[in-house]
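Below you'll find the structure, written out as structure tokens, and then a few comments.
The values are calculated or read from the model by the stated rules, or taken from the named source; none is laboratory data. As the structure is a computational prediction, the values presented were derived from the model and not from experiment. Cβ sites come from the backbone with ideal geometry, for glycine too, and all protein chains shown count toward neighbours.
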């Protein structure tokens, strides 16, 4: 092949090489929107399963009877706890609130639960947690960037078991917050009093594609993600 033929072939292939290189670079650098929120989508799916687990567990008949009275739910699909006299816990979850006019449940807002505790505690566990916000004041407190359970508003551990608990725990209905947990591990002391519930701004931004505050999600409802339909339907089924 002559030098001229080789030069002509090289010039002919240059545009193709350029566009293939550009396409490869774009594929490597571009991340689809759904991939940005994959972790948050998985958390919402787990929250849905947590609601279903509580509704199917015969040890939570009180919860099943009274969840319809809650104005909002904080759902922590996996709360990790470890303790040896000194305890620590933490987990990620979502908050959904009930619209007082329509009765429908809002899109999820993402939160983090964390805290420290002292006392005669041994062992460790990974548990599912649902916190019921029973009053309007409790819901408004959740709109803050962070707050402590058992601080300004009252907090109580929800009843466990099915027999004879209604009369013994009726006073708990006056608490602003009630917490329930399901666990396969061993842990002495299930109170979340003193734990901090904080807004997860990064997770909210990833799930909705822009920076949002809890009030944008729960009050003005200015953002939406169709992915949460399964979670909201599970809650509607539960309260019926």
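Here are some notes:
- Condition check for residue 74: surrounded by 21 or more Cβ atoms within 10 Å (Cβ to Cβ), modelled with pLDDT of 50 or more and in a helix (DSSP H, G or I): no
- Evaluation of residue 45 against (1) at pLDDT 90 or above; (2) touching a strand residue (DSSP E or B) at 6+ places or on another chain (Cβ under 6 Å) (one fails), failing number: (2)
- The residue list 87, 150, 164, 123 contains one member that is over 27 Å from residue 37 (Cβ atoms), at pLDDT below 80, over 15 Å from the mean Cα position of the chain (by Cα) and surrounded by 15 or more Cβ atoms within 10 Å (Cβ to Cβ), which is 87.
- Here residue 31 fulfils each of the conditions (1) within 23 Å of the chain's Cα centre (by Cα); (2) at pLDDT below 80 apart from (1).
- Residue match in the stretch 214-224 (condition: in the same structural domain as residue 70 (by TED's automatic domain parsing), surrounded by 15 or more Cβ atoms within 10 Å (Cβ to Cβ), more than 16 Å from the chain's Cα centre (by Cα) and modelled with pLDDT under 95): yes
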